[in-house]
Amino acid sequence: MPRLILTLTLLVLFLLEGTVLQLLLPDTWGLTWEAVPRFVLVGVVLIGLFLNRRESLIYGMVFGFLHDVLYNQIIGVHTLTMMVAGYFAGLALLLFHRSLAVAFVTLTLVLFGHEWLLYSLYRLFFPIDVDVQWMLRQQILPTVGLNLLFAVLIYFPLSKIAAGVNAKKEMKLD
């Protein structure tokens with residue numbers, strides 16, 4: 001049951017990310033910078049921190065593929081980047097003890113890495129003249145900031161759901 005709740009939570013975040021939250025974006029209001037909600041990615045990274053890297057990789061693959069199919073022109077870009085982000089978040093769990101500071105440093109680095117990898121892949125496949133400094137100031141840093149604010153809101157509820165998944169796993173092992 002906790003795994004179903006976790007999956008449904010990510011599915012609701014995915015639906016909100018692509019529908020309702022598009023109305024709240026800064027470029028909709030005429031601002032020059034753009035902050036893209038990547039709330040499912042935040043959930044995938046937190047799953048990597050709370051559970052393990054394999055589950056995070058699987059969730060990243062599934063929701064990245066959904067994102068590619070529904071919103072993208074190239075199949076596989078978000079699948080790859082979300083899988084990599086989830087896997088590296090899970091690796092941080094192996095290297096460091098689980099704490100709030102480690103979680104938010106890891107989340108910041110993984111979100112920045114995800115956005116940078118997306119920018120690099122799109123620049124590779126669609127040769128466009130977008131200045132790197134402009135991209136950093138106008139899209140990558142605001143996106144990381146918005147998603148970190150969301151991570152503050154979802155950190156403790158998602159940790160409770162993940163604790164339920166871990167407890168279920170431990171009961172199966174006994």
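The values are calculated or read from the model by the stated rules, or taken from the named source; none is laboratory data. Given the structure is predicted, the values throughout are model-derived calculations rather than measurements. Every residue, glycine among them, receives a Cβ derived from its backbone with ideal geometry; neighbour counts consider all protein chains shown.
Tabulated values for the structure
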read-out	value
Residue check for Leu80: over 19 Å from Leu13 (Cβ atoms) and either among the small types (Gly, Ala, Ser) or at pLDDT below 90 (or both)	no
Pairs with Cβ under 8 Å, 6+ apart, first in segment 112-133 and assigned to a loop (DSSP other than H, G, I, E, B) and surrounded by 10 or more Cβ atoms within 10 Å (Cβ to Cβ), second at pLDDT 85 or above and among the polar types (S, T, N, Q)	none
Index of the failed condition, Gly145 passing every other in (1) in contact (Cβ under 8 Å) with a residue 60 or more places away in the chain; (2) over 18 Å from Gly18 (Cβ atoms); (3) of a type outside the set (Val, Ile, Thr); (4) crowded, with 17+ Cβ neighbours inside 10 Å	(4)
Test: Phe96 is without any contact (Cβ under 8 Å) to a residue 12 or more places away in the chain and in contact with a helix residue (DSSP H, G or I) (Cβ under 7 Å, 6 or more places away or on another chain)	yes
Meets criteria (among the polar types (S, T, N, Q), surrounded by 14 or more Cβ atoms within 10 Å (Cβ to Cβ) and either assigned to a helix (DSSP H, G or I) or within 12 Å of the chain's Cα centre (by Cα) (or both)) for Gln139	yes
Members of segment 67-106 that are surrounded by 20 or more Cβ atoms within 10 Å (Cβ to Cβ), of a type outside the set (Ser, Thr, Tyr) and over 21 Å from Val165 (Cβ atoms)	His67, His78
Test: residue in segment 44-61 that is closer than 15 Å to Phe14 by Cα and surrounded by fewer than 22 Cβ atoms within 10 Å (Cβ to Cβ)	yes
Those residues of segment 1-10 which are part of a helix (DSSP H, G or I), among the hydrophobic types (A, V, I, L, M, F, W, C) and in contact (Cβ under 8 Å) with a residue 40 or more places away in the chain, in sequence order	Ile5, Leu6, Leu10
